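Have a look at the structure below, then the notes.
The values are calculated or read from the model by the stated rules, or taken from the named source; none is laboratory data. None of the values given here were measured: they were computed from a predicted structure. Ideal geometry is used to build each Cβ from the backbone, glycine not excepted, and the neighbour counts take in all protein chains shown.
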Amino acid sequence: MSVFIGRVGLAVFTATDRRADPAAVSRPDVPGETLLLHTGHVDAKPYDALAGEYYDAAHKTSRNFDATTIDAVATLQHDLPTGKVLEVGAGRGRANEFLNIDSNRIVQLDNSAAMLRLQPREASLVRVLNDAESLPFPDGEFSVVLAFLCDPFLGLNFLSEARRVLTSGGVLLGTTPSEVWGRALRGKLDVDQMETRFMLRTGSIAKVPSALYSVSQLKLMLEAAGFDPTSIKISSYSLPEGVQPVSADVTSPAEQLGLSPYRLPILDLFEARAV
Ligand SMILES: C[S@@+](CC[C@H](N)C(=O)[O-])C[C@H]1O[C@@H](n2cnc3c(N)ncnc32)[C@H](O)[C@@H]1O
């Protein structure tokens with residue numbers, strides 16, 4: 001199997017495989033793990049500071065999003081196409097956990113080296129350190145593009161790139177925080193409407209980009225990016241009933257809107273098919 005990185009076709013190899021061109025790829029940082037490929041110089045990225053604790057239970061809002069994602073993907077009406085899967089903004093990888101996708105189909109991409117080095121992580125063919133808004137793959141390379149919690153890079157650039165690297169009939173599936181939730185919360189916090197904040201273990205605050213779009217804006221962007229308008233589905237989900245603990249960043253906007261925290265839409269799931 002080959003994956004194209006930076007316009008060059010590379011055979012996918014494991015850490016013990018010595019066919020790799022040392023000039024083209026970095027050595028694996030964890031023996032036995034997939035290689036982490038660099039496609040050029042990448043500066044420190046916002047999630048680098050968060051990486052070591054992003055998956056901790058203490059980050060209750062993120063864990064509430066995880067529980068909601070499991071509920072949301074369970075509603076998918078059809079199987080995803082077979083073939084190669086690109087997981088964008090992969091973090092430690094969720095394609096297997098959420099969709100049971102085999103690791104030998106998955107390419108993980110993220111612009112944070114710290115997120116791509118996290119252990120434990122889902123296995124993959126290869127990990128690629130690169131920006132979501134300029135994907136280093138040729139047109140039509142993947143049958144599925146996944147992007148769970150893609151709010152840091154969601155916009156026309158990413159959506160157009162996702163469309164470009166999908167084969168005809170390929171599917172983009174993503175999640176992003178609901179605008180209803182985000183606007184209510186961010187109105188009360190000292191953050192811009194297009195960023196969010198994490199309280200770190202040290203007590204300091206990390207602010208990271210986080211775009212919010214209404215369902216109709218997201219639909220328009222998917223259409224503008226060239227996805228089949230008749231295939232676009234966007235649904236909003238609330239935290240499943242009874243999930244505990246509930247983040248104060250969910251209860252507070254729910255109260256403000258006069259809703260139970262289990263009735264406030266916090267996550268949008270979107271799918272679209274490439275023509
Ligand atoms: C909210 S986290 C979600 C991680 C993972 N998808 C999950 O659900 O566990 C967002 C991820 O997107 C990555 N990211 C942010 N901006 C990016 C960009 N411009 N290009 C690629 N990845 C990006 C972050 O480093 C981080 O790993």
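The single residue among Ala74, Ala57, Ala44, Ala90 that is surrounded by fewer than 18 Cβ atoms within 10 Å (Cβ to Cβ), closer than 30 Å to Ser231 by Cα, out of contact with any Gly (no Cβ under 6 Å at 6 or more places or on another chain) and modelled with pLDDT of 75 or more turns out to be Ala74.
A quick yes/no check of all residues on (1) under 18 Å from the mean Cα position of the chain (by Cα); (2) crowded, with 18+ Cβ neighbours inside 10 Å; (3) within 23 Å of Leu257 (Cβ to Cβ):
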site: Lys188; (1), (2), (3): no, no, yes
site: Ser204; (1), (2), (3): no, no, no
site: Met221; (1), (2), (3): yes, yes, no
site: Gly226; (1), (2), (3): no, no, no
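Residues that are under 23 Å from the mean Cα position of the chain (by Cα), more than 30 Å from Leu166 (Cα to Cα) and surrounded by 15 or more Cβ atoms within 10 Å (Cβ to Cβ) within segment 228-275 comprise Leu239, Val243, Val246, Ser247, Asp249, Val250, Leu264, listed in sequence order.
The single condition from (1) crowded, with 19+ Cβ neighbours inside 10 Å; (2) modelled with pLDDT of 95 or more that Thr34 fails is (2). Leu109 meets the conditions (1) touching a residue at least 40 places away in the same chain (Cβ under 8 Å); (2) touching a Lys or Arg at 6+ places or on another chain (Cβ under 8 Å); (3) surrounded by 19 or more Cβ atoms within 10 Å (Cβ to Cβ); (4) among the aliphatic types (A, V, I, L, M) in every case but one. The failed one is (1). When segment 195-210 is filtered for residues that are within 19 Å of Val250 (Cα to Cα) and without any contact (Cβ under 8 Å) to a residue 40 or more places away in the chain, the ones remaining, listed by number, are Glu195, Arg197, Met199, Ile205.
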